[in-house]
C-alpha cells in the first residue's frame, strides 16, 4: 500500500511518527520525519490540484517531475499561499537535517555541530518555547527531543491542513466556444 493510500488523519500520522521515531536510529528517525512531512505536502498539494486520470501523476512521480523533490513541494506550497513562510522555512530545515543524515556515510548524530545548529533554528522556527513544560517532558531531553517535538508538531499541523483542503475550482474550458458565443466578438 502506498503511503498516499493510508489514513490521512493528523492523529494517525502523529501516532505513526511517535511509535516509530523512538525505535529508530537517529538517521532513520530523521528520515522518517522528513518522509511523513514530504508525503503530507504531496497529499495537500494533490488535494488542491485538479485531479488527473493518469495512473502516475506526472507532476510528482515521473522522471524529472517538477514536484518530485521535497524542496519543490515546500516551495510551491509556500508560493501558492498554502503554508506560511515560517513553516516553509521550518520544512526546509527538516529537509537539510535529513540531508545531513542521509549523505553522511560515516555516521551522523544529533550532537554533531551542524545538526545541532539546524535543530536550534528549527525549534525557534516552530516556537518550541511555547510548549508547556508538561508537554516538553513527554519527549527525550536534548537535541533529539527538540527535533522530535518540533517534527511531531509539524506533522500534526501539515496533516491538519490536508483534512480541510479542497480542490481549487477548475477554469471552465472554453465554455464560451462550446455555447456558441464569442466574448471577443465586436
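What follows is calculated from the coordinates using simple rules that are stated; it is not laboratory data. No experiment lies behind these values; they were computed from the predicted model shown. So basically every Cβ, Gly included, is an ideal-geometry build from the backbone, and we count neighbours across all protein chains shown.
Across the chain, counting alpha-carbon atoms alone, Rg and Dmax equal 19.7, 72 Å.
Could you tell me the relative contact order of the chain? Use alpha-carbon pairs under 8 Å, at least six residues apart, and round to a whole percent. Mind showing how you got there, number by number?
Values: 173 pairs, mean separation 60.8, N = 186.
Across the chain, relative contact order equals 33 percent.
What value, in deg cm²/dmol to 500, does the helix sum -39500 (n - 2.57) over DSSP H runs of n ≥ 4 give at 222 nm once divided by the residues of the chain? Let's see the in-between values first.
Details: 8 runs with 109 residues, N = 186.
My calculation for the chain gives -19000 deg cm²/dmol from helical runs alone.
Peptides 41-54, 81-94 ranked from most to least packed, by the mean per-residue count of other Cβ atoms within 10 Å: 81-94, 41-54. Angle of helix 85-103 to the longest C-alpha principal axis of the chain, folded into 0 to 90 degrees and rounded to 10: 60°.
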